[in-house]
Amino acid sequence: MPDALIVGATGMVGRAVIDHFGSAPVTVLARRPVAGLAPHHKELVAPPERWADIIAAEKPAILISCLGTTIRQAGSQAAFRAVDHDLVLAAARGARAGGTPHMIVVSSVGAAAKSGNFYLRTKGQTENDLVALGFDRLDLIRPGLLRGERPGPQRLGEGLATIAAPLTDALLHGRFRRYRSISGDKVAAAIVALAGQRDSGVYIHENDAIRAVAD
């Protein structure tokens, strides 16, 4: 398995990615210590404004971004964009400066730079800006509602949506299948599988494709 560096490791998907790497060593870069890391994992703790330089110096073969927040958590649209666009791009630019050829990033189903929805527009603009950086391979992961145990306080809306997911998923067919919910663990399994891919290009993975890669 190529040398991988993960940002966003404290969230549900990020922690699951670390677990799926198993005995393979990975580097975890976070703004605070990450509990439960194994001895073979390398932990780097630094403020986000230093991440680009640190990633450039580490020169990982793969950068994996599981960074993501919500407007409610961030407190404003500007604070949300600072994480989901600016910080993701800063990490990516650091990776490119260090010669990293491959990036895998968790985005969102429906991401579109011209969307009327601020959240989806930000995700789409982030994707476009990552493509422009010219990675040899870029994998854009676009899950729908993520199911699983999240660290931190529960989000009421997501909790209710998760309860309703079996019913709503059953109603989504054809081109709407991509909006079906998916477990964070399944997304993480797909990310680790994609870390072993060598073909060049930009790849978009939505619900069915994520499941296929994970399996």
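Here are the numbers for this structure:
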| read-out | value |
| --- | --- |
| Qualifying residue in the range 89-97 (condition: over 12 Å from the mean Cα position of the chain (by Cα) and assigned to a loop (DSSP other than H, G, I, E, B)) | no |
| Flag for Ala38 being of a type outside the set (S, T, N, Q) and part of a loop (DSSP other than H, G, I, E, B) | yes |
| Search result, residues across the range 194-214 that are closer than 16 Å to Arg177 by Cβ and not in a helix (DSSP H, G or I) | Ile204, His205, Glu206 |
| Flag for Pro101 being open to solvent by 20 Å² or more (accessible area, probe 1.4 Å), at pLDDT 95 or above and more than 19 Å from Gly144 (Cα to Cα) | yes |
| Residues being assigned to a loop (DSSP other than H, G, I, E, B) and either within 13 Å of Val106 (Cβ to Cβ) or modelled with pLDDT of 95 or more (or both) - total across the range 4-30 | 3 |
| Failed condition for Pro33, given (1) more than 23 Å from Ser108 (Cβ to Cβ); (2) in contact with a Ser or Thr (Cβ under 9 Å, 6 or more places away or on another chain); (3) not charged (D, E, K, R) | (2) |
| Ala193 vs. criteria under 24 Å from Glu149 (Cβ atoms) and in contact (Cβ under 8 Å) with a residue 40 or more places away in the chain | no |
| Residue count, the range 169-190 (criterion: crowded, with 20+ Cβ neighbours inside 10 Å, part of a helix (DSSP H, G or I) and hydrophobic (A, V, I, L, M, F, W, C)) | 4 |
| Qualifying residue in the range 112-131 (condition: modelled with pLDDT of 95 or more, basic (Lys, Arg) and either closer than 28 Å to Val34 by Cβ or part of a strand (DSSP E or B) (or both)) | yes |
| Test: Ser107 is open to solvent by less than 30 Å² (accessible area, probe 1.4 Å), without any contact (Cβ under 8 Å) to a residue 24 or more places away in the chain and in contact with a Gly (Cβ under 9 Å, 6 or more places away or on another chain) | no |
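Residue-by-condition table, conditions (1) loosely packed, with under 13 Cβ neighbours inside 10 Å; (2) within 22 Å of Lys123 (Cβ to Cβ):
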position: Val28; (1), (2): no, no
position: Gly36; (1), (2): yes, no
position: Lys59; (1), (2): no, no
position: Ile62; (1), (2): no, yes
position: Ala74; (1), (2): no, yes
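The values are calculated or read from the model by the stated rules, or taken from the named source; none is laboratory data. Just so you know, these numbers come straight off a predicted model, no measurement behind them. A quick note on method: Cβ atoms are made from the backbone with ideal geometry, for glycine too, and the neighbour counts reach across all protein chains shown. Note: accessible area is taken over every heavy atom of the protein model, side chains too, but ligands, DNA and RNA are not part of it. Shrake-Rupley method; radii C 1.70, N 1.55, O 1.52, S 1.80 Å.
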